[in-house]
Amino acid sequence: WDPAVPEMIAEDEEKALREAEALDFRRLREAREAAVERAEVAVAEMKAAKVSPATVAEIEDMLALRRDELAAAKAAEQNAEAQGDDSPVELESALLHLGLVGVLLLDTRLCALSPGGALLDVDSQPFLPVAFWDLLTQELEMDSPMRALIVISELPIADTAREGVQAAAEALGPYDPVNGRWSAHAEDQEKLLGKLFDWKAKEAYRELTFISGGLCAASQSEVLDMNWSGLDKSGERSKHLIVGPITDNVSELPPPLAASLSPDSRFSFLHRPLRGQRNYAEALLKVPLHAPAKVAAAKIIGQYYEEVNVVVGPVVGLVTAHTVVVVLEVDAEAPVSCVLVETLTGGERRQLKLLPANRPFPYLFEDLTPERHYLIRFEGVENADTRFGGFTTPPRHQPEVGLGNDLDMGGDDGDGGGVTMVVVSGDSPLKGIADAGGSDDEEEELGDEAREGMDAEELLAAEGQKGKGVSSLWQTISAVAERPFGGLDATLHIGGQVDMDGVTNDAAALIGRAAREPPGSKVREQLEEAALDRLRDAYRTHWNLPGTRQALAQGCHLMLRAR
């Protein structure tokens, strides 16, 4: 489809032949240099050995011959290099016409490279070559049916304030990647935006849209012409989609998110970033024949869904030296990432899973490091700021086990080899809510310094004296479990984790109705599922109570089934 391809192939073959010849000449020159070095060494050795003058003269003649051959090889190599095409390619950008839509592809990389591919000094080449400006001026000023223009570039054209980028470019040197940013080239940036917005302002039906990537950050941005000369005031703004990454690590756009490019610039920008998500962009551009062109839809599509909330969790299950199980339930089917952050190094481990709606889902992490504290957070849920947790992996070997008795830890005698556990049973907080609260006297809070000086056994005992209310005991356990390396290795639930009395009657009624329906019928399946979901409501209620939710999100929890 491209008639220039045969010519390009022929040029490439000719260039490859020239490069092969140049390589042969270079190898010949290197061989001649080695021969000269050997001859020079031979002459020096013979003179030192005081051989006959006739023999030395003969070797010196040989050395002169080798030097002549080296000079000829150097000349041939230089001649081959001179015949090569040293002129850089000046234009790789292009303006494609797709009906009434123009697509401007901007290339700022090729003119910054030497013919051999080496990166030129930033002052050696313009950011955009002269040939590009000639092409752009010709295309924008010609009588064309183009009603909409999409400008595509590797990096955002209106990225950030020029002052910070230009200062970084001066500090980091001419070969740092920051020199590829548009704001490091104020003259080209201002000139390009000026030409594009001037084209847009000439006709009310024209539309201008920018699409770019390259920063590993996403934003639904706008570029504003503060000296807009068009009749339609809304034309002063053009959409600017900043896309990516699709699989790479996600970064944040640097501040400011809204500013003019510089105090004397005609243009400003406004960024609306999509944080913490891999993404792609979708755009719909409508270009009717007898109406203004319009961007009907332009949106960054993230990897997560909107308005997804955690219903239960996180609940931390078994924690070993190398593994952990974390359970989460959300209110809609959605992709959700569970992220473990090692507090010592800041390293992250993450799993992205498609979670079902209103069903508990387990994340299993393996290959963890023993004796490390990990924080748990989630991406893809609206209430992530309140749904977090943590745990500490134990050493590889823990030969002894100490079980608590009424919060009085009975571990080992100080050799550090035991396991400290809290044992709980019969969690029926709604029944005992009337007994909540401690004494009428004001309780004394433990200070941070006092807490840090206590081990798990002492802190449990101290916290346990503060109140006998329903939530206070769970808060006591939570306060100890959330401490990194706090000494509490596990909480053992030996039955009665959830009081089912409040839901069993409702579930039984649904099961009774289901029994009257034909086996395998859709109505029967729906009623049975509703009964199961009613039973799950007990967990959703109890495991979200104050104190209980925080305790289950910290440490290690082992659970036994009860009646």
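The values are calculated or read from the model by the stated rules, or taken from the named source; none is laboratory data. Predicted, not measured: the structure shown is a model, and the values here were computed from it. Cβ atoms come from the backbone with ideal geometry, glycine included; neighbour counts cover every protein chain shown. Note: areas computed on protein heavy atoms with side chains; ligands, DNA, RNA excluded. Shrake-Rupley method; radii C 1.70, N 1.55, O 1.52, S 1.80 Å.
Residues in the range 372-382 that are farther than 16 Å from Glu333 by Cα and touching a residue at least 40 places away in the same chain (Cβ under 8 Å): 3 in all.
Conditions: (1) more than 12 Å from Asp159 (Cα to Cα); (2) open to solvent by less than 70 Å² (accessible area, probe 1.4 Å); (3) hydroxyl-bearing (Ser, Thr, Tyr). Thr247 meets all but one. Number of the miss? Every condition holds for Thr247 apart from (2). For Val89, the test of being modelled with pLDDT of 85 or more, farther than 30 Å from Tyr205 by Cα and touching a helix residue (DSSP H, G or I) at 6+ places or on another chain (Cβ under 7 Å) is failed. Scanning the range 205-231 for residues that are closer than 24 Å to Pro292 by Cβ and free of Cβ contacts under 8 Å to residues at least 40 places away in the same chain turns up Asn227, Trp228, Ser229, Gly230, Leu231. Taking the range 125-172 as the range and being of a type in the set (D, E, K, R) and either surrounded by fewer than 20 Cβ atoms within 10 Å (Cβ to Cβ) or closer than 27 Å to Val287 by Cβ (or both) as the test, the residues that pass are Asp134, Glu139, Glu141, Asp143, Arg147, Glu154, Glu163, Glu170. All told, Phe361 falls short of being open to solvent by 50 Å² or more (accessible area, probe 1.4 Å), aromatic (Phe, Trp, Tyr) and touching a residue at least 24 places away in the same chain (Cβ under 8 Å). Scanning the range 8-37 for residues that are touching a residue at least 12 places away in the same chain (Cβ under 8 Å) and among the basic types (Lys, Arg), we see that the one that is nearest to Leu65 (Cα to Cα) is Arg32. For first residues located in the range 269-284 and among the hydroxyl-bearing types (Ser, Thr, Tyr), partners that are in a strand (DSSP E or B) and lie 6+ apart or on another chain with Cβ distances below 7 Å form the pairs Tyr280/Ile301.
The single residue among Gly276, Gly346 that is surrounded by fewer than 16 Cβ atoms within 10 Å (Cβ to Cβ) and not in a strand (DSSP E or B) turns out to be Gly346. Output the number of residues of the range 280-327 satisfying the condition of being crowded, with 19+ Cβ neighbours inside 10 Å and at pLDDT 90 or above. Of the residues in that region, 11 qualify.
The single condition from (1) in contact with a helix residue (DSSP H, G or I) (Cβ under 9 Å, 6 or more places away or on another chain); (2) at pLDDT below 85 that Lys15 fails is (1).
Leu231 passes every criterion in (1) open to solvent by less than 30 Å² (accessible area, probe 1.4 Å); (2) aliphatic (A, V, I, L, M); (3) assigned to a loop (DSSP other than H, G, I, E, B) apart from (1). Hey, any hits in the range 500-515 for a residue that's of a type in the set (Val, Ile, Thr) and within 19 Å of Arg561 (Cα to Cα)? Yes, because at least one residue in the range 500-515 is of a type in the set (Val, Ile, Thr) and within 19 Å of Arg561 (Cα to Cα).
Has the range 489-508 got at least one residue that is at pLDDT 85 or above, in a loop (DSSP other than H, G, I, E, B) and within 38 Å of the chain's Cα centre (by Cα)? Scanning the range 489-508, I find at least one residue that is at pLDDT 85 or above, in a loop (DSSP other than H, G, I, E, B) and within 38 Å of the chain's Cα centre (by Cα), so the answer is yes.
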